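Each remark here refers to the structure printed beneath this line.
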Amino acid sequence: MLSDDDVRALVGARHDDPFAVLGMRADTRGRWWLRAMLPGARAVRACTADDGRLLAELALRHPDGLWEGELAMRTPTDYRFEVQWHGGTQGHYADAYACPPLIGDADLHFLAEGTHLRPHEVLGAHVIEPGAAPVPVSGVRFAVWAPNARHVSVVGDFNAWDARRHPMRLRGGSGIWELFVPHAACGDRYKFQITAAGGQVLPLKCDPYARQAQLRPDTASVVALPLVPARGLPAARGAANARQAPVSIYEVHLGSWRRHPDGRFHSWDELAAALPDYAASLGFTHIELLPVTEHPFDGSWGYQTLGMYAPTSRFGPPDGLARFIEVCHARGIGVLLDWVPAHFPSDAHGLARFDGSALYEYADPREGYHPDWDTLIYNFGRHEVHNFLAGSALYWSERYAVDGLRVDAVASMLYRDYSREPGQWLPNRHGGRENLEAIALLQHVNAMLGQHAPGSITVAEESTAYPGVSAPTSAGGLGFHYKWNMGWMHDTLQYMRQDPVHRRWHHDKMRFGLVYAYTENFVLPLSHDEVVHGKGSLLGKMPGDDWQRRANLRAYYGYMWGHPGKKLLFMGQEFAQPGEWNHDVELPWGLLADERHAGVQRLVADLNALYRRLPALHRFDAMPEGFEWLAADEAEQSVFAWVRRDGQGNACIVVCNFTPVPRHGWRLGVPDDAGAWREVLNTDSAHYGGGNVGNVGAPLAVHAPGSHGRGGAITLTLPPLATLFLVPA
């Protein structure tokens, strides 16, 4: 019979090897015993699985629920437990401890090595059916990495959240604990009870590899539907993501784009019925979603995530996200997801000291604690953590066929001294400030996606001058396709905040971006970061009276859409939202009843249409051949003019007047290789809420003498606080 020490360990949920004592086991004398932990049972019988023949009446060995009985048979057989519970219910169960290990040695090897391409296929919760594996009935295979744990149990709806019911099996030295739980099913909630090496029972932990989770404030993981086959991007989407394609991104926080009148979130399907059509109607090519990975706190906007494999339940089950993306693609809209591998929150149910040790995070707070966000930093140098993060990137790209990932807070990953004072950080092995392990992770992720998710893109939110962010990894770069141009955004907004009378002293702010415009493949971002934390809205940053503020904003949008670089605009700014973004309420859509706001929305739609229609405005976004200054030194008049080219003989001239003074008879030197020019977009049009000053009518003929060092010139009327687009007539 079982020793008293074994009994105490089982009922205390701390047995080192439950598979040695539970289930059908032979003793040293050749007798067969059957044991089960079934707290709350009133009677337990064991019967054959095929014909229900009685094998044994089990006796209660310990009042906390350990049942055992000797079998008359001398060979093992397939069996089921028939259990009568206190309260009168009955159940018929297969035994978890009759099932063999289901994770193969090769998977364990690659996981330990940190080279498993798709770790989510092994770890986490997976529904298993008979025939797919040597299991007697359908159920769920649970697996979790906790190498420093003394004991791990899976608890959930299937065992009344009782850690004594399902202690897990440690697979050798892999650090992976595994258990197949018969009869567990999709939709069951679960967590892991982990006992640390020192004997401390930790707060229940959610599953790092969970593909579904409860809606906050509840924190359990949920057994998700079986993985759908990897889909990959349609070929057309790969072409739409290319550097020579027009890329105009509508950045969206789903929880506050629209809400029900009672404050409830819209579901994925409700969002799919509205958002793709809206973005397409305004001419955007892509939607970028602030993180939709599961996160405990709404106020983090998703940037403090604990579910690197789980779409947030705020909008419904995960399959809804897949349908949302399919609708976007059908509408010709790409989907980018914000992805956050830089840090994670320290919630007790999450990754922090997951098995009682600093497992996912660096142990030393000088490496592992982020002072800006009160979060923990991933241990990028640990193989299994590297694998966890890289696997997440491929998971979203393959399983949900997203067009790409926008990687958040890259600068904080690259530098060990990011936002730290001297003495508060640890140098790398060469004594430098770069985080070599994080750099290796980013390079690996980008190279891996290039190989296994062709057509998808990655975009870096990187705010420093780190070289080669969008250079290929083969050339020593980080391998991103695009980098946010944070310097352009800061400089130009600083210029636009100036009263026009003072802009002459800040002229270089609008020109400086062209000094380095082709050192990276840039996205020009007017993102959510510019309309929160007391920064107001874009409209609120503009100087002057009401009319001038709107004219300034329209002129600025024209400048941005005419400037080299892909475009990004945060939701609400397309109709000049006057107040700061509030993540707790939907956008103020009622403003569109006001023509002043509707006009700005029409301008954004027309700018996008022009940007997409004219290859000169997008084909060479990242190449110097696509840009030439025509008037860069008109500081006294705060005028800028340039020409964009597509390398195939087509051109577009952009002219900005950033003063409230209309300029009649203004001469602009133009390229000699074109005839007359005509105005195709004017941000001062009455259609957009402007004063309708401009050059609509006869083509603008080139005449001599020239100007601005050119052989020819055209004579323009420059509207006040406006941007013009001209094309050959």
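The values are calculated or read from the model by the stated rules, or taken from the named source; none is laboratory data. On a predicted model such as this, the values are computed, not experimentally measured, just so you know. Positions of Cβ are generated from backbone atoms using ideal geometry, with glycine treated the same way; all protein chains shown enter the neighbour counts. With ligands, DNA and RNA removed, areas are computed over all heavy atoms of the protein, side chains included. Shrake-Rupley method; radii C 1.70, N 1.55, O 1.52, S 1.80 Å.
Helix 383-399 and the long axis of the chain differ in direction by around 70°, with both axes built from C-alpha atoms. The charge dipole of the range 512-671, taken about its Cα centre with unit charges on the Cβ atoms of Lys, Arg (+1), Asp and Glu (-1) only, comes to about 460 debye.
Convex hull volume of the Cα atoms of the range 227-352, normalised per residue: 125 Å³. The residues packed around F110, meaning those with a beta-carbon under 14 Å from its beta-carbon, carry a net charge of -3 if Lys and Arg are +1 and Asp and Glu are -1. Multiplying the residue separation of A605 and S357 by 0.36 nm and removing their Cα-Cα distance gives an extension gain of 84.0 nm.
Work out the P(r) tail for the range 384-490: percent of alpha carbon pairs separated by more than 21 Å, whole number. Result: 37 percent of Cα pairs exceed 21 Å. Report note on the peptides 236-245, 148-157: ranked by the mean count of other C-beta atoms within 10 Å, highest first, their order is 148-157, 236-245. Between helix 486-497 and the chain, what is the angle of the helix's C-alpha long axis to the longest principal axis, kept within 0 to 90° and rounded to the nearest 10? Once rounded, one gets 50 degrees. In nm, to one decimal, how far is the D546 label point from the V696 one, both placed 7 Å along Cα→Cβ? Roughly 2.4 nm, to one decimal. Close amide H contacts of I457 (hydrogens built in the peptide plane, cut-off under 5 Å, sequence separation of 5 or more or a different chain): G404, L405. May I ask you to list the residues of the range 608-640 whose amide nitrogen lies under 14 Å from a point 7 Å from Cα along the Cα→beta-carbon direction of Q498? Taking a point 7 Å out along Cα→Cβ of Q498, the residues of the range 608-640 whose backbone N falls under 14 Å are 633-640. Cβ under 12 Å from P234's Cβ, P234 left aside: what net charge do those residues give with Lys, Arg +1 and Asp, Glu -1? Value of the local net charge: 0.
Distances between every pair of Cα atoms in the range 283-357, grouped in 5 Å steps from 0 to the bin holding the largest one, split as 3, 15, 22, 22, 16, 11, 6, 3, 2, 1, 0 percent. Amide H contacts of A213: V222, S313, each under 5 Å away and 5 or more positions distant or on a separate chain (H built 1.01 Å from N in the peptide plane; Pro and chain starts excluded). Tilt of helix 546-562 relative to the longest C-alpha principal axis of the chain, in degrees (0 to 90, nearest 10)? Roughly 80 degrees between the two axes. Note on the chain: percent of Cα-Cα distances in each 20 Å bin, starting at 0 and stopping at the bin with the largest distance, equals 16, 41, 26, 12, 4, 0. Using θ = phi - 60° in the Karplus curve 6.51 cos²θ - 1.76 cosθ + 1.60, the 3J(HN,Hα) couplings for the range 579-584 round to x, 5, 5, 10, 5, 8 Hz; x is entered for Gly and Pro. Ligands, DNA and RNA left out, the 1.4 Å accessible surface of the chain is 52% carbon and sulfur atoms. Each peptide in 439-451, 330-342 receives the mean, over its residues, of other Cβ atoms within 10 Å, and ordering these scores from highest gives 330-342, 439-451. Rounded to the nearest 0.05, what FRET efficiency do W629 and R596 have when you use their Cβ-Cβ distance and R0 = 25 Å? In this case the efficiency is close to 0.15.
Measuring r between the beta carbons of D78 and R429 and using R0 = 45 Å, the FRET efficiency lands at 0.20.
Between V228 and L436, the contour length at 0.36 nm per residue exceeds the Cα-Cα span by 71.4 nm. Selection among T464, P624, L524 by position relative to the dipole of the chain gives P624 as farthest towards the positive end (Cβ unit charges, Cα centre). Toward the positive end of the charge dipole of the range 205-299, with +1 on the Cβ of Lys and Arg and -1 on the Cβ of Asp and Glu, the farthest Cα among A213, A236, T293 is that of A236.
Computed over neighbours whose Cβ is under 10 Å from that of A272, the net charge equals -2, Lys and Arg +1, Asp and Glu -1. The DSSP beta bridges internal to the chain are antiparallel in roughly 75% of cases. Packing here is the average count of other Cβ atoms within 10 Å per residue, and on that basis the peptides 521-528, 117-124, highest first, run 521-528, 117-124. Working note: 222 nm ellipticity from helices only, DSSP H runs with n ≥ 4, each -39,500 (n - 2.57), summed and divided by the residues of the chain, gives -6000 deg cm²/dmol to the nearest 500. FRET efficiency for A465 and A273, Cβ-Cβ distance as r, R0 = 41 Å, nearest 0.05? My answer for the efficiency is 0.40.
Modelled spin labels at A330 and H92, positioned 7 Å past Cα toward Cβ, are 4.3 nm from each other. Sequence-ordered 3J(HN,Hα) estimates for the range 705-713 from the Karplus curve with 6.51, -1.76 and 1.60 and θ = phi - 60° stand at x, x, 8, 6, x, 10, x, x, 8 Hz, glycine and proline given as x.
Percent of C-alpha pairs per 10 Å bin in the range 189-287, short distances first: 11, 24, 30, 21, 10, 4.
How much length would be gained if the chain were fully extended between L54 and R264, taking 0.36 nm per residue of separation minus their Cα-Cα distance, in nm to one decimal?
On the way: separation 210, 0.36 × 210 = 75.60 nm, distance 5.37 nm.
Extra length available between L54 and R264 comes to 70.2 nm.
Straight-line reach from K541: taking Cα to Cα under 20 Å and skipping same-chain neighbours fewer than 8 places apart, the lysines in range are K509, K567. Spacing of the modelled spin labels on A106 and N650, each 7 Å from Cα toward Cβ, amounts to 5.0 nm.
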